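Visitor: Structure in structure tokens, see below.
The values are calculated or read from the model by the stated rules, or taken from the named source; none is laboratory data. None of these values were measured; they are calculated from a predicted model. As a convention, Cβ positions derive from the backbone with ideal geometry for all residues, glycine included, and neighbour counts pool all protein chains shown.
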Amino acid sequence: MTNTDSAPTEISPRSQAQRRVLTVLVTAQVLSGAGLAAGITVGALLAQDMLGSTGLAGLPSALFTAGSALAAVAVGRMSQARGRRSGLAAGYLVGAVGGAGVVTAAVADNPLLLFISLFVYGAGSATNLQARYAGADLAAPSHRGRAVSTVLVATTLGGVVGPVLTSSTGDLAHALGIPRLAGPFLLATVAYVAAALVLVIWLRPDPLLLARTLDTEQSLGNGTTGTEETASAQGRSAGVVLGALIMVLTQLVMVAIMTMTPVHMHDHGHTTTASGFVIAVHVAAMFLPSPLTGRLADHYGRIKVAVASGITLLASGVLAATAPADSVAPLALALALLGLGWNLGLVAGTAIITDTVPLATRAKTQGMVDVSIAIAGATGGLSSGLVVAASGYPVLALTGGILALAVLPAIAATASRR
């Protein structure tokens with residue numbers, strides 16, 4: 001009788017708060033998705049235009065991904081100390097400052113300011129990813145995959161709208177006396193500020209702080225220290241390594257191929273609108289399948305979804321490498337598979353991390369994991385331009401697809417330790 005009577009008291013505030021948290025996070029993610037995707041679409045082209053070099057066209061992606069590594073630590077630590085609301089809002093505001101800096105650099109034709117601003121702009125990317133953890137803070141273990149996917153799918157709308165508006169924002173920038181390629185960064189700046197305001201005003205109660213409170217109350221009521229704390233240190237360590245490896249590999253491959261696709265298309269006579277369409281398809285595939293991916297991860301297990309990620313990324317690399325350079329449709333399909341493979345890996349890896357790490361250190365650990373993801377992305381972005389300049393886009397795509405299969409032995413090696 002005791003358990004039956006006490007269950008509604010514990011579940012009701014958690015479930016009610018979870019619904020509100022997801023609603024607010026979805027709204028913020030729609031806005032921040034536009035800011036994230038806008039910069040991805042033209043970052044490489046802007047650098048190529050200012051520097052006159054294809055070899056350094058991957059540098060913008062590397063810079064804002066490296067910036068996201070530093071931001072991931074800061075957002076994670078701030079979230080650990082003050083809650084998700086403070087950490088996420090601060091990250092988006094810093095990203096907005098970076099976006100404004102890119103616009104200023106384009107007007108002044110200052111490559112150094114461009115690189116610094118792109119590094120700062122990376123805070124928006126880090127925060128956009130960190131928000132997925134906030135969606136899982138109050139979720140039951142059997143629903144964490146779906147909670148993560150709900151936050152991720154919200155990025156789809158903004159992520160698709162951002163690249164599609166490349167031409168329109170370019171026209172607006174031109175009317176304001178700003179280089180056309182800086183136009184999407186105007187959108188990014190406004191979108192990140194709006195996302196920060198949504199979180200500051202409406203993300204109440206804070207999901208991480210409330211989850212800690214409810215967990216403590218439940219533990220005291222049961223006379224235990226909580227089920228999460230009873231897990232062995234070795235099991236937790238293996239879980240963190242496994243989740244991180246899955247996300248690191250998928251991020252590395254995705255960023256490398258994605259970064260150079262607009263440059264590859266531009267070099268073969270495609271318009272900015274065409275490359276914007278391909279990136280829009282890619283971003284949609286990164287986030288739109290999330291509800292299904294989350295359910296698959298909850299129903300069939302995180303490991304099977306991670307394996308599917310590696311196979312899908314291989315298919316993407318092979319298709320991108322063999323697609324006719326003068327045809328948009330095969331490249332769009334290849335980039336769609338690239339986004340889907342990334343999504344499968346991210347949802348599976350995130351769920352593993354959230355399952356493994358106790359609330360007392362969750363945000364801090366998640367921030368450190370995202371540092372590894374950001375470094376992998378920076379490596380992929382920086383190396384992608386060099387590989388294309390030396391060997392061509394098909395070699396980059398095929399190499400990335402083969403590298404994605406490394407997720408399989410990584411899963412086998414770390415899963416056995418769990």
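Visitor: Modelled with pLDDT of 90 or more, surrounded by fewer than 24 Cβ atoms within 10 Å (Cβ to Cβ) and either among the aliphatic types (A, V, I, L, M) or in contact with a His (Cβ under 6 Å, 6 or more places away or on another chain) (or both): which single residue out of Ala351, Ala332, Ala412, Ala389 fits that description?
Guide: Only one candidate passes the filter, namely Ala332.
Visitor: Right, something else. Which of the residues belonging to the stretch 130-159 are surrounded by 24 or more Cβ atoms within 10 Å (Cβ to Cβ) and under 30 Å from Val107 (Cα atoms)?
Guide: The answer is Thr155, Gly158, Gly159.
Listed here are the residues, each with its yes/no results for (1) part of a helix (DSSP H, G or I); (2) buried (at least 24 other Cβ atoms within 10 Å of the Cβ); (3) modelled with pLDDT under 90; (4) over 18 Å from the mean Cα position of the chain (by Cα).
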{"residue": "Leu22", "(1), (2), (3), (4)": "yes, no, no, no"}
{"residue": "Gly55", "(1), (2), (3), (4)": "no, no, yes, yes"}
{"residue": "Ser61", "(1), (2), (3), (4)": "yes, yes, yes, no"}
{"residue": "Thr65", "(1), (2), (3), (4)": "yes, yes, yes, no"}
{"residue": "Ser86", "(1), (2), (3), (4)": "yes, no, no, yes"}
{"residue": "Gly91", "(1), (2), (3), (4)": "yes, yes, no, no"}
{"residue": "Ala100", "(1), (2), (3), (4)": "yes, no, no, yes"}
{"residue": "Thr104", "(1), (2), (3), (4)": "yes, no, no, yes"}
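Visitor: Right, another one. Where in the stretch 107-222 are there helices (runs of 4 or more DSSP H), lying wholly inside it, with at least 3 residues that are of a type in the set (S, T, N, Q)?
Guide: Here the list reads 111-136, 144-164, 166-175, 207-222.
Visitor: In the stretch 69-95, how many residues are of a type in the set (S, T, N, Q) and out of contact with any Lys or Arg (no Cβ under 9 Å at 6 or more places or on another chain)?
Guide: 1
Visitor: I've got another one for you. Within the group Val307, Val369, Val387, which residue is under 22 Å from Phe287 (Cα atoms), in contact with a Leu (Cβ under 9 Å, 6 or more places away or on another chain) and assigned to a helix (DSSP H, G or I)?
Guide: Answer to the selection: Val307.
Visitor: Next question, about the same structure. For the stretch 327-336, does any single residue satisfy the condition of being polar (S, T, N, Q), in a helix (DSSP H, G or I) and more than 18 Å from the chain's Cα centre (by Cα)?
Guide: No.
Visitor: Let me ask something else about it. Quick check on this structure: which one of Thr361, Thr350 is assigned to a helix (DSSP H, G or I), more than 19 Å from the chain's Cα centre (by Cα) and under 26 Å from Ser86 (Cα atoms)?
Guide: Thr361
Visitor: Only one of these is crowded, with 21+ Cβ neighbours inside 10 Å, polar (S, T, N, Q) and either modelled with pLDDT under 95 or over 19 Å from Leu157 (Cβ atoms) (or both): Thr293, Thr322, Thr272. Name it.
Guide: Thr293
Visitor: Tell me whether the stretch 109-119 contains one or more residues that are touching a Lys or Arg at 6+ places or on another chain (Cβ under 6 Å) and crowded, with 21+ Cβ neighbours inside 10 Å.
Guide: Within the stretch 109-119, none of the residues are touching a Lys or Arg at 6+ places or on another chain (Cβ under 6 Å) and crowded, with 21+ Cβ neighbours inside 10 Å.
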